[in-house]
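Student: What follows is a single structure, and I will ask about it in a moment.
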Amino acid sequence: MPFDVLLLPGDGIGGEVMGQAEAVIAFLNRTGLTDIRTEADLAGGTAYDRHGHPLGDATLARAQACGTVLFGAVGGEQWDHVPYHLRPEIGFMRLRKEMDLFANLRPAVCPPALAGASSLKPELVDGLDLMIVRELTGGVYFGEPKEIVTQENGRRRAVDTQVYDEDEIERIAYVAFRLAGERQGRLASVEKSNVMKSGLLWRQVVSRMQHDLYPQVELVHLLADNCAMQLVRRPKQFDVILADNLFGDMLSDVAAMAAGSLGMLPSASLGAPDAQGRLAALYEPVHGSAPDIAGKGIANPIAMIASLGMLLRHSMARHDLADALDRAIAAALATGTRTADVAGAGTPVGTTAMGAAIIAAL
Ligand code: NAI
Ligand code: MG
């Protein structure tokens, strides 16, 4: 039975990098390794121009029926003037929300060939391979009350509320424990249990799950500020890092800088499995639509192709192919084939040539 994937290339370089992910899918299908069936739809500014909404009802219905989305990037200056809720980035958030994608996976990897491109010293990041698991639908970004109120003395007070239910902590911790079990078996759980009740509950729930369900996973608890420092000081100490929405947002950006170019970083957002055991999932590069280089054919397709790798791993359980794709990316880079963002003093190649080199290595 074919595995269905909805492609939403979006705006700017989205279509250019998606083209290379499609070339990898075509190669995998042609060789009989996969039977992935794709359909494509508009999203973001291009969808707004056509239908008046960055994510139309029909597209949302298609995404929900299919369950697996490979997404490029949306946004661009030409849509900055449209009403706020119809702006590509805002309108598009509807998809993540409607699919209830509560687990955001952001790997930070640094193949040896690219250690020089990191913001950190090469020896600190050479061979880096860590995964941040961020809770995506709860915590202080969504907690109620959330308001700015004018007090009796006329001064205003802003309120955000951090709320976590035990169920919410359990389901995200479950994702992190399972991943750690598939990787090096080490999990660092991050909170501020010294000053936050939600952090205390977080620590208790994660400890109990380790004791009851995952005794084989080595668990450490870290305060979030210490984790930020450790990520810069010695990032290779980590395997999987589990964090709430707020801390995970910040820590994943710190880890991204350790890994080097934005053009290299994939991500996955996962929901709960349906009755058939199929995960609702959206895979996308971390970068945006890069209007400054759009249309030039020079964007780095690796973040997009590595996002397809995450799809093979997490939605299709094809760890063999995901590993092979990771190795092909590292091998292509090692031969010196690189796009401008990571070429350093070397001669850069374009988007298509980078994709072709990865397929050849595969
Ligand atoms: P950006 O990620 O698009 O670009 C930042 C810088 O990184 C630019 O100099 C760009 O050329 C470079 N870059 C990004 N991806 C690259 C790649 N694959 N290869 C080579 N260089 C790459 O972020 P920016 O400029 O802040 O935002 C541009 C637009 O994208 C905005 O409209 C923004 O709202 C949107 N955006 C969309 C996201 C999404 O769709 N998930 C995420 C982030 C931004
Ligand atoms: Mg962020």
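The values are calculated or read from the model by the stated rules, or taken from the named source; none is laboratory data. What you see is a predicted model, and the numbers here were worked out from it, not measured in a lab. Reconstructed Cβ throughout: ideal geometry from the backbone, glycine too, with neighbour counts over all protein chains shown.
Student: Give me the pairs, please: first residue somewhere in the range 191-209 and β-branched (Val, Ile, Thr), second residue anywhere and crowded, with 20+ Cβ neighbours inside 10 Å and part of a helix (DSSP H, G or I), beta-carbon distance under 8 Å, and either six or more positions apart or on two chains.
Tutor: Partner pairs satisfying both residue conditions: VAL205/ILE169; VAL205/ALA173; VAL206/ILE169; VAL206/ALA173.
Student: Would you confirm whether or not the range 138-157 contains a residue that is loosely packed, with under 13 Cβ neighbours inside 10 Å, within 30 Å of TYR214 (Cα to Cα) and in the same structural domain as ASP249 (by TED's automatic domain parsing)?
Tutor: No, the range 138-157 contains no residue that is loosely packed, with under 13 Cβ neighbours inside 10 Å, within 30 Å of TYR214 (Cα to Cα) and in the same structural domain as ASP249 (by TED's automatic domain parsing).
Student: Being away from ligand 1 (no atom under 16 Å from the Cβ) and under 25 Å from ARG171 (Cβ atoms) narrows it down to one residue among ALA268, ALA275; which is it?
Tutor: Result: ALA275 is the single residue among ALA268, ALA275 that is away from ligand 1 (no atom under 16 Å from the Cβ) and under 25 Å from ARG171 (Cβ atoms).
Student: Would you point out which residue out of LEU105, LEU86 is within 16 Å of ligand 2 (Cβ to nearest atom) and touching a helix residue (DSSP H, G or I) at 6+ places or on another chain (Cβ under 8 Å)?
Tutor: Exactly one of LEU105, LEU86 is within 16 Å of ligand 2 (Cβ to nearest atom) and touching a helix residue (DSSP H, G or I) at 6+ places or on another chain (Cβ under 8 Å), namely LEU105.
Student: Enumerate the pairs (first residue in the range 216-233 and among the β-branched types (Val, Ile, Thr); second residue anywhere and surrounded by fewer than 17 Cβ atoms within 10 Å (Cβ to Cβ)) with beta-carbon separation below 7 Å, excluding pairs fewer than 6 apart on the same chain, so at least 6 apart or on different chains.
Tutor: VAL217/GLY181; VAL217/GLY185
Student: Among the helices (runs of 4 or more DSSP H) confined wholly to the range 1-105, which include 3 or more residues that are modelled with pLDDT of 95 or more and surrounded by 21 or more Cβ atoms within 10 Å (Cβ to Cβ)?
Tutor: 14-30, 45-51
Student: When you scan the range 223-294 for strands (runs of 3 or more DSSP E) that lie fully inside it, which ones turn up with 2 or more residues that are within 12 Å of ligand 2 (Cβ to nearest atom)?
Tutor: Filter on the range 223-294 gives an empty set.
Student: Residue under question is GLY263, and the condition is that it be more than 26 Å from SER193 (Cα to Cα), within 13 Å of ligand 1 (Cβ to nearest atom) and at pLDDT below 95; does it hold?
Tutor: yes
Student: Of the residues in the range 178-220, how many are in a loop (DSSP other than H, G, I, E, B) and over 13 Å from ASP244 (Cα atoms)?
Tutor: Result for the range 178-220: 10.
One line per residue, one yes/no per condition, for (1) in contact with a Cys (Cβ under 6 Å, 6 or more places away or on another chain); (2) among the acidic types (Asp, Glu); (3) over 20 Å from ILE305 (Cα atoms):
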{"position": "PHE92", "(1), (2), (3)": "no, no, yes"}
{"position": "LEU95", "(1), (2), (3)": "no, no, yes"}
{"position": "GLU98", "(1), (2), (3)": "no, yes, yes"}
{"position": "LEU105", "(1), (2), (3)": "no, no, no"}
{"position": "SER119", "(1), (2), (3)": "no, no, yes"}
{"position": "LEU130", "(1), (2), (3)": "no, no, no"}
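Student: With away from ligand 2 (no atom under 16 Å from the Cβ) and either more than 14 Å from ILE305 (Cβ to Cβ) or within 21 Å of the chain's Cα centre (by Cα) (or both) as the only criterion, which of GLY12, GLY75 stands out?
Tutor: So the residue among GLY12, GLY75 that is away from ligand 2 (no atom under 16 Å from the Cβ) and either more than 14 Å from ILE305 (Cβ to Cβ) or within 21 Å of the chain's Cα centre (by Cα) (or both) is GLY12.
Student: Could you say which residue among ALA317, ALA306, ALA322, ALA353 is of a type in the set (Gly, Ala, Ser), outside any helix (DSSP H, G or I) and assigned by TED's automatic domain parsing to the domain that holds PRO2?
Tutor: That would be ALA317, the only listed residue that is of a type in the set (Gly, Ala, Ser), outside any helix (DSSP H, G or I) and assigned by TED's automatic domain parsing to the domain that holds PRO2.
Student: State whether the residues of the range 253-266 include one that is of a type in the set (D, E, K, R) and touching a strand residue (DSSP E or B) at 6+ places or on another chain (Cβ under 6 Å).
Tutor: The answer is no; no qualifying residue exists.
Student: Let me ask something additional. Looking only at the range 187-198, count every residue that is out of contact with any helix residue (DSSP H, G or I) (no Cβ under 6 Å at 6 or more places or on another chain) and closer than 23 Å to ARG234 by Cβ and tell me the total.
Tutor: 2
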